[in-house]
Structures are given as structure tokens and as C-alpha cells.
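The values are calculated or read from the model by the stated rules, or taken from the named source; none is laboratory data. These figures come from a predicted structure and were not determined experimentally. Don't worry about glycine lacking a Cβ; one is built from the backbone with ideal geometry, like all the others, and counts go over all protein chains shown.
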Amino acid sequence: MNMSNRAALALTVIIALSGCSSFDNPTRVNAGFKGSLYNSVSNSFDERMTTATIYGDVKGNDIGMAEVRVDSYSGGLGKPLYPTPAKAQLHINAINKYLKWDTLASQRKEMVTKDIVRIDDGYMSSTKHYYGIHSGNVGDNYLTAEIATADFSRGYHLIYFNRNNAVKYKAFLIRLRDGEMSLSNNGVYN
């Protein structure tokens, strides 16, 4: 890892940790989908354990943010995404565009790598979500998702979703948007 990648990683971690400090009451929820990481040794996209946690807002009553993590090969914190209920529809729109482009590219037997959208979720002003489409092979198109603080730091947190898992991730985001998840009452465990 070169120096600029290390600096970008350190900055992302610092921002993520400081941004999460305003959220409370973490509650693990069933993700129901799996993200994949690219394995350069086997030249494949491998599904990894994917977890989801929701956090209360500053008052602790409503969901302020979800954290989706895909385990990395090296352990550690894994690859994160941080959608919020307020901006979940933007993430859903990105997945809808991916699904449309996936169908089109598959029908035309074309390979495509293209950005779909950049989303500023607002809770961490310098961190953006980026969505795109990437063809592993003809007819094998992945939704790409990542967070980055700037264009030069893109690619480090890249997560791939095959069509099936993209649809399941979309369903998760719909539940987040519609308030169908609830924070647990961890006070009973004191």
C-alpha cells in the first residue's frame, strides 16, 4: 500500500469514527444479502460474510444510520457502507439503474464498467458513497459500492454485489427507508 493510499485509509477511518460518535444504541440486524470482494489470487469475486448494524440518532429514538460491513480477507474492520434512512431512496435509485443496465448489457452481450452515482449522505460531510456497474465477464455484471473521501481514495473500499444480492441489498434499504427496523432495548441486559 503506497503512502497516499495509507493516508486516505487513515483519513477515512478517522472520519468514520468521528461521524459514528453522534449515533447511539447499536443494534445488529439481519442483512439478508452478501457482498463480494475481488480475489486477485483466484481471479474471482468471492462472497464474504456481511453484517448490518443500525444506530439510533442523537436522541436515540429513531434510526440515524445503518452500517453494512463486508468482511475483508485480512480481517480488521472490513469494507463499510453507511446508508441513512433519509437518503436511502438515492441508494435504491442507484440499484434500480444498475438492474436496468445489467439487463441491457446482458442482452447486448457487452461488458461495461461505469459510475452510476455519487451520494453525499450528509452525516459525514467529506465521505461519499459511489455506486457503479462492473462486468466480471459477459453477462456477469456486478453492482459496485464504496465509500471514499475523495476521488483519489476510490477503490480501497470496493464491494461487489451480484444481481441477486443487489436485489436483496435494495430490499434492506427499503426496510431502512420505511422504518421497518427497530432499535433494541439493550437496557434489559444491565
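Worth a mention:
- Count of the stretch 85-109 residues which are touching a helix residue (DSSP H, G or I) at 6+ places or on another chain (Cβ under 8 Å) and either part of a loop (DSSP other than H, G, I, E, B) or under 13 Å from Asn141 (Cα atoms) (or both): 4
- Selection of the stretch 90-133 for residues being in contact (Cβ under 8 Å) with a residue 60 or more places away in the chain and surrounded by 15 or more Cβ atoms within 10 Å (Cβ to Cβ) yields His91, Ile92, Ile95, Tyr98, Leu99, Asp102, Tyr123, Met124, Thr127.
- Any chance Leu143 is within 17 Å of Pro83 (Cβ to Cβ), modelled with pLDDT of 90 or more and not hydroxyl-bearing (Ser, Thr, Tyr): yes
- Scanning the stretch 32-53 for residues that are in contact with a helix residue (DSSP H, G or I) (Cβ under 7 Å, 6 or more places away or on another chain) and among the charged types (D, E, K, R) returns a single hit, Lys34.
- Residue match in the stretch 19-30 (condition: surrounded by fewer than 18 Cβ atoms within 10 Å (Cβ to Cβ), more than 17 Å from the chain's Cα centre (by Cα), modelled with pLDDT of 75 or more and under 23 Å from His134 (Cβ atoms)): no
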